[in-house]
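Here's the structure, in structure tokens; my notes come after.
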Amino acid sequence: MEPLFELKVTTASKGSREVSSHLFRQLKEAILDERLRPGSRLPSSRDGQRLFGVSRNTVQDIYDRLAQEGLVSARHGSGTYVRLRPESTPASPAGGEQVGRVNDFWERPDILSWIGFWHDGQTGAGRSKPVVDLRPSLIDDQLFPHATFRQVMARQLRRLEMNPASTRSPQGHQGNSELRRAIAEHVGLTRAVACHAKDVVATSGAQQALDLIARAIVVPNETTVAVEDPGYPPMRVPFAAAGARLVSVPVDDEGIVVDAIPADAKIICVCPSHQFPLGMPMSPPRRAALLRFARKNGAVIVEDDYDGEFRYDGSPLEALRGSASAGHVFYVGSFSKCMLPGIRLGFVVPPPWALPALVAAKNSTDWYSAIPIQAAVASFIHEGHLTRHILRVRRVCGDRRGRLLELLEQRLGDVLKVVPSFYGMHVTAVARQGIDCEAVSGALAARGIMIHSLARYFLGPATRSGFVIGYGAADSAALEMAVNALAELIGTGTKAQSRHIKAVDSLKDSPWN
């Protein structure tokens, strides 16, 4: 099949002796300034005759001249392709004259760091894929029932073929009605969230849900937003972009320290079931205190329930969002971990008074999330596939979690203390003596072992040192390899500790020491 060729070329005047040279120069310039990208296929000599208005022999002669200059190469039986530009050939300018200005906000180092939080670059020795990946919030996509979802998706596509969805449906901006009904039933059963389909807004992942909340309720240069410290860096970006003032609030072994929240805070962002990244749940007294603060000060709570389906021990924890708290809590969730990140589907259950504004904000960003994906996920939930998948992942990750805790205790129990946690796909291990975890993390990355140090999660100065260790994408063998490497680098003897320990006085007061 011949490629599309939309490059505009002109031909020399009829009878001119410069026909070939004129066309050659145009193609050469197009290759050098990358209007014809490396790897692009040029028209065949037959198509070139029609497109360029010259003979097939002339087209072939031009291609031969381009090949002699190293600009194209012929592949037998396939065609002629633009080559990667030789180093000796001067590159075209990266861009034209700057006539506008980017908002300074998007060039701030802190914003670039927060929004690029997961971009860790190469893992050492030129590798593009880690040997072992212990970063949190990753999943093992091999556990997902791809064949089942493919069947569900195909069925929904056939239905859409027979009955195409209207782009102007009144429910379109809020989300597919079947999906919203499925979400309401799912979070009602698994997280005791009191809501109905009419209360749910479907989003393109949890990050968009946070962005919609910020767009809808932040008043620029006036609203104060309290965030947990340490916390999830990408969560901060939408609120900062909307013009809010961010205030970091410390967490202890019961969760966010409510007494440290500024009285003027109007938005409080928390992960109550499984604090991110430390992992402990917010205690019942602390939950009650947080809701009292919100009611007293006219504040709202953004509840990020990022992996609330994965509980391994203890009694089930209900979400903060309930019938009594519905007016103060935005409940945010996604399908990135309980299904696949690439689905890019999430949701928010806002207070009733904020629903119209969130739907309008959704309309402003992308109108609505992909209709076939919404319909397929709705069926996936209704038919019981999601529940079966979650139960399977719970079993597998429960085994991995148990093995990880066992390895950490055996190899590193005297230098690291695991924060008690019963939810999620990662655990946090706090350093007892203040190990230089950033240096250790870098050394592991050079070996192809990706692990996050706790310091990267702080908004203010780091008050604890440790590691955030994910087991969602690593099996038992990989966990053992990584913990052995970690133990080797940290060491458990006095001599090894003296090479890596970095004094952190604030650790003495840590509730996990």
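The values are calculated or read from the model by the stated rules, or taken from the named source; none is laboratory data. Treat the numbers as computed from the prediction; the structure is a model and nothing was measured. As a convention, Cβ positions derive from the backbone with ideal geometry for all residues, glycine included, and neighbour counts pool all protein chains shown.
Numbers for the structure displayed
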item	result
Subset of the range 30-55 (residues that are touching a helix residue (DSSP H, G or I) at 6+ places or on another chain (Cβ under 7 Å) and exposed (fewer than 15 other Cβ atoms within 10 Å of the Cβ))	Arg46, Ser55
Any pair with Cβ under 6 angstrom, 6 or more apart, that starts in the range 282-307 at a residue that is without any contact (Cβ under 8 Å) to a residue 60 or more places away in the chain and ends at one that is among the hydroxyl-bearing types (Ser, Thr, Tyr)	Leu291/Ser325; Glu303/Tyr331
Hits in the range 371-384 - residues which are touching a residue at least 40 places away in the same chain (Cβ under 8 Å) and either touching a strand residue (DSSP E or B) at 6+ places or on another chain (Cβ under 7 Å) or surrounded by fewer than 19 Cβ atoms within 10 Å (Cβ to Cβ) (or both)	Pro372, Gln374, His382, Glu383
Some residue of the range 347-368 being closer than 21 Å to His146 by Cβ and either part of a helix (DSSP H, G or I) or touching a strand residue (DSSP E or B) at 6+ places or on another chain (Cβ under 7 Å) (or both)	no
Scan of the range 415-457 for residues that are polar (S, T, N, Q) and part of a helix (DSSP H, G or I), ordered by number	Ser441
Close pairs (7 angstrom Cβ cut-off, 6 or more residues apart or separate chains): over 15 Å from Leu212 (Cβ atoms) in the range 226-247, in a helix (DSSP H, G or I) and of a type in the set (A, V, I, L, M) anywhere	Val227/Met235; Pro230/Leu454; Ala240/Ile111; Leu246/Ala240
Flag if Tyr312 is among the aromatic types (Phe, Trp, Tyr), in the same structural domain as Ile183 (by TED's automatic domain parsing) and closer than 30 Å to Met481 by Cβ	yes
Set Val237, Val225: member being more than 23 Å from Leu291 (Cβ to Cβ), β-branched (Val, Ile, Thr), in contact with a helix residue (DSSP H, G or I) (Cβ under 7 Å, 6 or more places away or on another chain) and buried (at least 21 other Cβ atoms within 10 Å of the Cβ)	Val237
Only listed residue being over 22 Å from Trp106 (Cβ atoms) and without any contact (Cβ under 8 Å) to a residue 40 or more places away in the chain, chosen from Leu278, Leu189	Leu189
First in the range 436-447 and closer than 17 Å to Asp133 by Cβ, second anywhere and surrounded by 20 or more Cβ atoms within 10 Å (Cβ to Cβ) and not hydrophobic (A, V, I, L, M, F, W, C), Cβ under 6 Å, 6 or more apart	Ser441/Ser453; Ala445/Thr123
Single match in Ala485, Ala473, Ala462 (criterion: touching a strand residue (DSSP E or B) at 6+ places or on another chain (Cβ under 6 Å), surrounded by fewer than 23 Cβ atoms within 10 Å (Cβ to Cβ) and part of a loop (DSSP other than H, G, I, E, B))	Ala473
Qualifying residue in the range 87-103 (condition: at pLDDT 90 or above and outside any loop (DSSP other than H, G, I, E, B))	no
Unique residue being closer than 18 Å to Asp307 by Cα, in the same structural domain as Pro351 (by TED's automatic domain parsing), among the small types (Gly, Ala, Ser) and touching a Pro at 6+ places or on another chain (Cβ under 8 Å) when the list is Gly243, Gly279	Gly279
